[in-house]
Amino acid sequence: MSESLSYGTLKNYFTTQKYIKLFLTKKKIQDIYLSQLTFRFLVDFEKFLRSYVPEGHQKQMENNTVVKHIQRLRKMVTLSYKMEWIDKDPFIKFKPTYIKNEREFLSENELQTIIEKEFEVERLELVKGLFLVAIQACHISMS
């Protein structure tokens, strides 16, 4: 699939794969056959994702992040079912849902808080800088 998927999409699938491996390690399982995937496995994996705090992050994954990882696993399982590698789809009764987030503009105080915030993680400091440059560019273009 590396020819048809973008680098970012592939990276996301690899991240989901990493979480599946961590989950299996936590359950003291080295590997699992597709035919062994059950509804219970999916529920346990979702619970694992909701409680896991990734390294370099300040908090647990939120609902939509968890749902996105589940969605990527679902795509692979559905493909397996369509290819007839498995007899049944364990996702039939599993229905995770996104939470619609309404976004608002930042207040002056919130923006100032971001400007003054110093992150220990270099990646987050870079994102903050890019965000502030984008805000400045929008401000200039609206003037």
Find how much the distance from residue 135 to residue 43 grows on full extension, using 0.36 nm per residue of separation minus their present alpha carbon separation; answer in nm with one decimal.
29.1 nm
Over the chain, the sum of -39500 (n - 2.57) across DSSP H runs of at least four, divided by residue number and rounded to 500 deg cm²/dmol, gives at 222 nm -19500 deg cm²/dmol
Compute the whole-percent fraction of alpha carbon pairs in segment 7-82 spaced more than 17 Å apart.
44
Please rank 57, 69, fewest neighbouring Cβ atoms within 10 Å first, as an exposure proxy.
57, 69
Here, trypsin sites (Lys or Arg not before Pro) of segment 47-100 satisfying both criteria (DSSP loop; at most 12 other Cβ within 10 Å) are 59, 88, 93, 100
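Read-outs throughout are calculated quantities, based only on the coordinates presented, and are distinct from any laboratory measurement. These numbers come from a predicted model, not from an experiment. Glycine also receives a Cβ, built like all others from the backbone with ideal geometry; neighbour counts cover every protein chain displayed.
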